[in-house]
Amino acid sequence: MMLGLIVATPLLLSIMIAAGSWSRSQALTGIMETGMRLAPWASALLIWPVIEPTQVMLNWPLDGFQLRVDDVARPLLLLTAIAWTLAALMARSVIQSHRQSFWLGWLLSLTGMNLVLLAGDLIAFYFGYALLSLCSYLLIIHHRDDQAWRAGRIYLVLTLAGEGAVLAGVLLIAARLGNAELAELASSAAPGMHAITAWLLLIGLAVKLGIVPLHAWLPLAHPVAPVPASAILSGVIVKAGLLGWLRLVPSDLPSLASWTHLLLIVGLATAFGGIGLGLFQQRIKTVLAYSTISQMGLILTGFALSFQLPELRAEIIIVLGFFALHHGLNKTSLFMACGCAPGRSGWRMLMVVLPALSLSAAPLSTGYVAKKLLKHSVEQVELAATLVPILSLTSLATALLMWKLVGLAAAEKEVDAGAHPAWITLTLLALTVPWAWAIVHGLADPPTAAGLWAGTWPLLLAALIIAAWRQVPMLQGLAWRVPEGDWIVGAETLLLWFHSRRPALALARPPRHWWLMFMKRSKHLHRRIEDQLSRLPLAGLLMLSVTALLWWLLQ
C-alpha cells in the first residue's frame, strides 16, 4: 500500500495545483497554494522502499498494474529521494515566475519517475516513462524566452522519436508476452525476443541518457532551465534510460553479443566526445551538461559488458547502480552550485572542487571506487588490455573538464545569490552517502598502492597539461568555441544555407508548393497553439483527459 501512496502523492498534488489554477475561487486558490507548499516533500517518501522493500498489486487503473522494489532500483530510489527533495527545497526559494506550471511539471515528472523506479510490469514502466518524458518539457521551457522555446522543441523532437522506438519495442514484447513482469523479462532471454526489439529499446532509451549522437537536447535544455530543474534533469532523470535498459533488454541475446564491440565503441566515443565538446563551452551549466553526456558514455560501456559476459550481469548491475548513485548526487550538487554564486568565497569553491574531484575519480573518492569497480568488470573481457588504459584516460579527460568547470565557477559572483542550505546539505550527502552504500554492500575494498597510483597518475598528467597550457601565451589568447547543441546547430546552419542558395541553384524560380504556403500561414497559428498548451490549466486538463482515455481503452 505504501508504494501506491508514493506514486499517488505527487499526482494528487498536481491535481490540486491544476484545480486552483483553473478557478479563481478563494477555496481552490488555497488548495493550490497548499499543493505547492507540500510539493517539495513528495519525493521524500521514496526513502521508505529503500529501507523496507515491498511489493503491491493494483487493479486500477490498469489490469495487472504491479509495483515492487528490488536491488536494481534501490540505489536509484535513494538517489531520487535525496536529490529530488533537496532540489525541490531550493526551487521553493528561487522559482518566482510561472510557479503553477513549474510545480505541475515537477510533480508530474516525479510521478513518472516514481513509476519507472517502482514498476513491476511492462505497462507500469512504459506509462511512467512516457509521463516523465513529456512532462519534463514544462521544466525546460519555464522561462518562456526564445532559447527556452527552441530547446523545448528540440527536446520534444528527439524525445518523441525515442518514445516511438521505445513504444515499438514495448508493443513487440507485449504482442508475444502480454503485460510481462520486468523481473522475468530481464533475467533471461525472453521467448520470442528478437534483435530488432532489443535495438529499438536500446536506441530509444539512449535518447534519455544522452548517448552520442542523440545527446543534443542536453546542452540546449540545461542552460535555459531553472537551476533546480537542470539538477534533476542531469542528476536523476537521465538515469531512467539506464533503468529501462536493465529492465527491458536481456543480457543473453546471442544477436546482441556479436555487437558488443560496437556498443563499447559508442560508449567510449560518448565518454570522450562529451569531454571534447565540453572543453569549448563558455557557460557553466553547458559544461556540466556535456560532463553528464561523458559519464553516461561510461555507463553504456559498463552495460555493453553484460552482453559479452551475461553470467556477470548481476555484478555489473550492482556496479552501474553505484555509479549512477555517485554520479547523480555529485552532479546534482554541482548544478545547484550554479545558483549559489560559488565564486564569492573559498569555502563555496571547496564545495565545487570536492564533487568535481569525485567525478574525476580522484583517489579515496567515491568516483575512484566506481571507476575501480568498472575496471574490474572490464578486466574480464577479451579487450581488457586495451580498455583498462582507455578508462584511465577518461579520468584524465574528466579532470581537464572539471578544471574548466572550476574556472567558470570561480567567476560566478552574483551579489544577490546566497549559499542555499539545500545545496550545502546535498554536497555533504554526495560526499558521504555513496561511501556508506559502498561499505554496506561490500563494494569498497581497502586501497592498495597500485590502485592509488592508477587513480593518481591521470590527475597528475592533467595537472601537467594544464600547467603547460598556461605557459603558452598564444594558447591563452585563443577563444575556441563549439556552439551549444553542436551538430544540431550545424544541421540548422546547413539547412539555412541550402534554403538561401536554392533560388541560385535552380534554373528557374521554384514553384510555390501548396504545403509551403500552408506552413507559412500556419506559423503564427502554431505559436498560438503552443502558447495555449504551455499554460498550466490547459496542460493539466489535457494530461488528465489523456490518462482517462487510456484507462477507458484498456478496460
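The values are calculated or read from the model by the stated rules, or taken from the named source; none is laboratory data. The shown structure was predicted, so the numbers you read here are calculated from the model rather than taken from an experiment. Counting neighbours? That spans all protein chains shown, and the Cβs are built from the backbone with ideal geometry, glycine included. Heavy atoms of the whole protein, side chains included, go into the accessibility calculation; ligands, DNA and RNA do not. Shrake-Rupley method; radii C 1.70, N 1.55, O 1.52, S 1.80 Å.
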Exercise for the section: Determine whether residue 417 is crowded, with 24+ Cβ neighbours inside 10 Å, out of contact with any Asp or Glu (no Cβ under 9 Å at 6 or more places or on another chain) and part of a loop (DSSP other than H, G, I, E, B). Expected result: no
Looking at this structure, is residue 235 buried (at least 24 other Cβ atoms within 10 Å of the Cβ) and closer than 30 Å to residue 411 by Cβ? yes
Among residues of segment 377-401 being without any contact (Cβ under 8 Å) to a residue 24 or more places away in the chain and in a helix (DSSP H, G or I), the residue least open to solvent (accessible area, probe 1.4 Å) is 384
Filtering segment 271-283 down to residues that are out of contact with any Ser or Thr (no Cβ under 7 Å at 6 or more places or on another chain) and open to solvent by less than 20 Å² (accessible area, probe 1.4 Å) yields 281
Of (1) modelled with pLDDT of 90 or more; (2) open to solvent by less than 50 Å² (accessible area, probe 1.4 Å), residue 19 fails just (1)
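Per-residue answers, yes or no, for (1) open to solvent by 30 Å² or more (accessible area, probe 1.4 Å); (2) under 22 Å from residue 232 (Cα atoms); (3) aliphatic (A, V, I, L, M); (4) at pLDDT 90 or above:
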position: 135; (1), (2), (3), (4): no, yes, no, yes
position: 149; (1), (2), (3), (4): no, yes, no, yes
position: 159; (1), (2), (3), (4): no, yes, no, yes
position: 162; (1), (2), (3), (4): no, yes, no, yes
position: 172; (1), (2), (3), (4): yes, no, yes, no
position: 180; (1), (2), (3), (4): no, no, yes, no
position: 187; (1), (2), (3), (4): yes, no, no, no
position: 193; (1), (2), (3), (4): no, no, yes, no
position: 200; (1), (2), (3), (4): yes, no, yes, yes
Checked pairs for segment 410-430, first within 12 Å of residue 329 (Cα to Cα) and free of Cβ contacts under 8 Å to residues at least 40 places away in the same chain, second among the hydroxyl-bearing types (Ser, Thr, Tyr) and open to solvent by 30 Å² or more (accessible area, probe 1.4 Å), C-beta under 7 Å and 6 or more apart or across chains, list as none
Restricting segment 223-259 to residues that are assigned to a helix (DSSP H, G or I) and in contact with an Asp or Glu (Cβ under 9 Å, 6 or more places away or on another chain), the one nearest to residue 328 (Cα to Cα) turns out to be 223
Picking from 456, 427, 448, the residue that is open to solvent by 50 Å² or more (accessible area, probe 1.4 Å), among the hydroxyl-bearing types (Ser, Thr, Tyr) and at pLDDT 80 or above would be 448
For segment 245-259, does any single residue satisfy the condition of being under 14 Å from the mean Cα position of the chain (by Cα) and open to solvent by less than 10 Å² (accessible area, probe 1.4 Å)?
yes
### Query
Among the residues of segment 262-283, is any hydroxyl-bearing (Ser, Thr, Tyr) and more than 17 Å from the chain's Cα centre (by Cα)?
no
* Asked: Hey, any hits in segment 415-433 for a residue that's of a type outside the set (D, E, K, R), within 23 Å of the chain's Cα centre (by Cα) and on the phi > 0 side of the Ramachandran plot?
  -> no
message: Here is a check on your reading of the model: is residue 267 under 30 Å from residue 337 (Cβ atoms), open to solvent by less than 40 Å² (accessible area, probe 1.4 Å), in contact (Cβ under 8 Å) with a residue 12 or more places away in the chain and out of contact with any Leu (no Cβ under 9 Å at 6 or more places or on another chain)?
response: no
Note on segment 334-361: residues surrounded by fewer than 20 Cβ atoms within 10 Å (Cβ to Cβ), assigned to a loop (DSSP other than H, G, I, E, B) and out of contact with any Asp or Glu (no Cβ under 7 Å at 6 or more places or on another chain) are 345
Only one of 11, 28, 76, 3 is open to solvent by less than 60 Å² (accessible area, probe 1.4 Å), part of a helix (DSSP H, G or I) and modelled with pLDDT of 85 or more, namely 76
From the option list 331, 404, single residue qualifying as within 23 Å of residue 230 (Cβ to Cβ), touching a residue at least 60 places away in the same chain (Cβ under 8 Å), of a type outside the set (Asp, Glu) and open to solvent by 30 Å² or more (accessible area, probe 1.4 Å) is 404
Among residues of segment 102-115 being among the hydrophobic types (A, V, I, L, M, F, W, C) and either free of Cβ contacts under 8 Å to residues at least 40 places away in the same chain or touching a Leu at 6+ places or on another chain (Cβ under 6 Å) (or both), the residue farthest from residue 45 (Cα to Cα) is 104
